[in-house]
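Written below as structure tokens is the structure these notes are about.
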Amino acid sequence: MIIIIPCFNEFKRIDKTRYINFLKGNKNCTIVFSEDGSTDGTLKVLKEIQNASKDNVHIHVLDRNKGKAEAIREAVLYSYENKINFNKLAYIDADLSVSLEECLSISKEVTNDVFFAFGSRILKIDTYIKKRKFRHYSGRFIATIIATVLKVPIYDTQCGCKIFSRSLASQVFQERFISKWLFDVEIFFRIIHLYSIKELQNKSREIPLKSWIDNDESKVKITYFFKMWYDIYAINRKYNEKYK
């Protein structure tokens with residue numbers, strides 16, 4: 001399995017020990033860091049992790065900052081071009097708000113009959129989901145709009161933990177994404193139009209996370225809230241026109 005980690009100025013947020021310890025106990029996993037033009041010491045930290053587990057760590061360095069969507073997409077293409085052996089591919093955030101261990105656990109849902117699984121930040125009695133109130137309520141409003149546009153009852157499209165079968169990943173990440181931050185929504189559109197809504201529902205699993213901790217240093221600016229609506233419109237328009 002490959003786990004892709006997009007990185008932009010993550011020097012203060014990357015916990016080297018957690019990565020190194022995970023790799024020591026999971027030799028069948030490969031981590032591909034996608035270094036997205038950082039201006040701090042991120043690359044130095046990534047190389048330290050790589051030196052501790054050379055066979056299981058790759059670093060793909062982008063020539064400039066391109067945003068999270070393209071950082072992930074380029075790392076996916078890098079994985080195929082460099083013939084890294086894998087049957088599943090995932091991505092999570094560098095700060096491990098979703099842990100490597102939980103990502104690996106959710107990946108077990110991807111089988112011969114299921115090609116896509118993703119985490120969902122659902123607060124239940126047996127889960128620990130820590131969100132700021134504004135982020136929670138604004139997120140639920142946005143999620144409702146997105147689910148309406150997609151016409152699929154997805155609780156959390158934006159959770160940064162998604163796992164794909166090898167064949168699905170090769171299809172989903174071929175083209176560039178419209179939005180740097182709402183590319184998760186576009187992923188669902190692409191799967192629907194590659195297959196169908198029914199196929200997405202039958203072959204996907206939305207798994208409640210056991211733990212997720214809100215990071216105060218989000219790189220998404222509050223002003224994006226206003227541009228986001230245009231991105232939703234542009235994504236919806238593109239796929240409705242492309243697949244009429």
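The values are calculated or read from the model by the stated rules, or taken from the named source; none is laboratory data. Only a predicted model underlies this, so the values are computations on that prediction, with no experimental measurement involved. All Cβ positions, even for glycine, are placed from backbone atoms using ideal geometry, and neighbour counts span all protein chains on display. Just the protein is used for accessible areas: all its heavy atoms, side chains included, with ligands, DNA and RNA removed. Shrake-Rupley method; radii C 1.70, N 1.55, O 1.52, S 1.80 Å.
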For the chain, the accessible surface attributable to carbon and sulfur atoms (probe 1.4 angstrom, ligands and nucleic acids excluded) amounts in percent to 52
Here the percent of antiparallel bridges among DSSP beta bridges lying wholly in the chain, to the nearest 5, is 25
In terms of the charge dipole of the chain, which places +1 on Lys and Arg and -1 on Asp and Glu at the beta carbon, the residue among GLY37, ASN51, GLN171 farthest towards the positive end is GLN171
By the Kirkwood definition, with r running over pairs of different Cα atoms, the stretch 68-131 has a hydrodynamic radius in Å of 13.8
Where a ≥ b ≥ c are root eigenvalues of the Cα gyration tensor, a/c under 1.5 meaning rounded, otherwise prolate if a/b exceeds b/c and oblate otherwise, the stretch 101-204 counts as oblate
Note to self, the chain gives a 222 nm [θ] from helices alone (DSSP H runs n ≥ 4, -39500 (n - 2.57) apiece, / all residues, nearest 500) of -13500 deg cm²/dmol
Classified through the alpha carbon gyration tensor (a ≥ b ≥ c as square roots of its eigenvalues; rounded if a/c is under 1.5, else prolate when a/b is larger than b/c, else oblate), the stretch 1-86 comes out oblate
